[in-house]
Amino acid sequence: MALLEVHDVFKHFGGIPALDGVSLSVEEGKIHGVIGPNGAGKTTMFNVINSVYTAEKGTILFKGREITNSKPYKIAHMGIGRTFQVARVFNEMTLMDNMMVPIIPRRISKREGEKKALELLEMADLTHLRDQLGVEISGGQKKLLEFMRTMMADPEVVLMDEPFAGVNPALIERLIEITFELNKTRSKTFLLISHDIPSVMKLCKNLTVLSAGKTIAEGESEKVRHDPSVIDAYLGH
Ligand SMILES: Nc1ncnc2c1ncn2[C@@H]1O[C@H](COP(=O)(O)OP(=O)(O)OP(=O)(O)O)[C@@H](O)[C@H]1O
Ligand SMILES: [Mg+2]
């Protein structure tokens, strides 16, 4: 059974379709890529999955249960985490305090939370910056911090929107390693939007391609990448 399924979802903005019957199926334990030209509807699809936007039509299932248009906090509590195209970091808070934000509404002790936060900061090579403010770290480090903060809530699946955009090559490698590690050692599933095709090809065995709000291909990355309709969609833009 697929862990996350999007079936024929529609979303318009001012009469213009951003999602025009999009579908996607993510298997448990996979690192699944989403690619497509600018404006294809990739971010909008994430926003509909976690109910930042309302789906006008279609269904979204998580572990076989319908979650379409449920409250965003409920979706998060069910185990769907999210990072953003522009990393959302609390600039005036230390990295450690940033990490502790997701545990506030949860019933784990501060000590347990701090232990977990330190383990995750260590994984991202950010431990030495734990007392720095969010504003003091680089854009790439912000992406890493946001990613690690998302892991504090222990999601089953993480939706990652452009994790590599504006990140230097060394940190991209680190992000890739961490994603593999979390996938292998903690069985995390990832759904990852990216324009960085070499990184996507390294990480993702499966791909979904969106163009103009529609799914134009889905399947094994190597096959999908060479699909004529996919090449067409990119060259056409
Ligand atoms: N809040 C909004 N209001 C109006 N139009 C929007 C809004 N969000 C997205 N759109 C439009 O919906 C379409 C899809 O946008 P979306 O951001 O999902 O694309 P994308 O595939 O993530 O693109 P990119 O690769 O550039 O990030 C675009 O035409 C965009 O202008
Ligand atoms: Mg986007």
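Does region 140-158 include one or more residues that are farther than 25 Å from Ile193 by Cβ and touching a Leu at 6+ places or on another chain (Cβ under 6 Å)? Looking for residues that are farther than 25 Å from Ile193 by Cβ and touching a Leu at 6+ places or on another chain (Cβ under 6 Å), one finds none in region 140-158, hence no.
Of note, Asp8 does not satisfy the criterion of being open to solvent by 30 Å² or more (accessible area, probe 1.4 Å), of a type in the set (D, E, K, R) and within 11 Å of ligand 1 (Cβ to nearest atom).
Total residues in region 178-191 satisfying the condition of being in a helix (DSSP H, G or I) and out of contact with any helix residue (DSSP H, G or I) (no Cβ under 9 Å at 6 or more places or on another chain): the figure is 2.
For region 70-95, the candidate set comprises residues that are β-branched (Val, Ile, Thr) and more than 17 Å from Val6 (Cα to Cα); within that set, the residue that is most open to solvent (accessible area, probe 1.4 Å) is Val86. For region 19-75, give me each residue that is small (Gly, Ala, Ser), within 16 Å of ligand 2 (Cβ to nearest atom) and farther than 16 Å from Ala212 by Cα. Result: Gly33, single match. Of the candidates Val34, Val101, the single residue that is of a type in the set (Val, Ile, Thr) and either at pLDDT below 95 or open to solvent by 80 Å² or more (accessible area, probe 1.4 Å) (or both) is Val101. The number of residues in region 38-64 that are at pLDDT 95 or above and touching a His at 6+ places or on another chain (Cβ under 8 Å) comes to 5.
Per this entry, Lys223 is counted among residues that are away from ligand 1 (no atom under 13 Å from the Cβ) and over 17 Å from Lys143 (Cα atoms).
The values are calculated or read from the model by the stated rules, or taken from the named source; none is laboratory data. Only a predicted model underlies this, so the values are computations on that prediction, with no experimental measurement involved. Neighbour counts are summed over all protein chains in view; Cβ atoms, including those assigned to glycine, are modelled from backbone coordinates with ideal geometry. The protein model used for the area step is the full one, side chains on, heavy atoms only, and it has no ligands, DNA or RNA in it. Shrake-Rupley method; radii C 1.70, N 1.55, O 1.52, S 1.80 Å.
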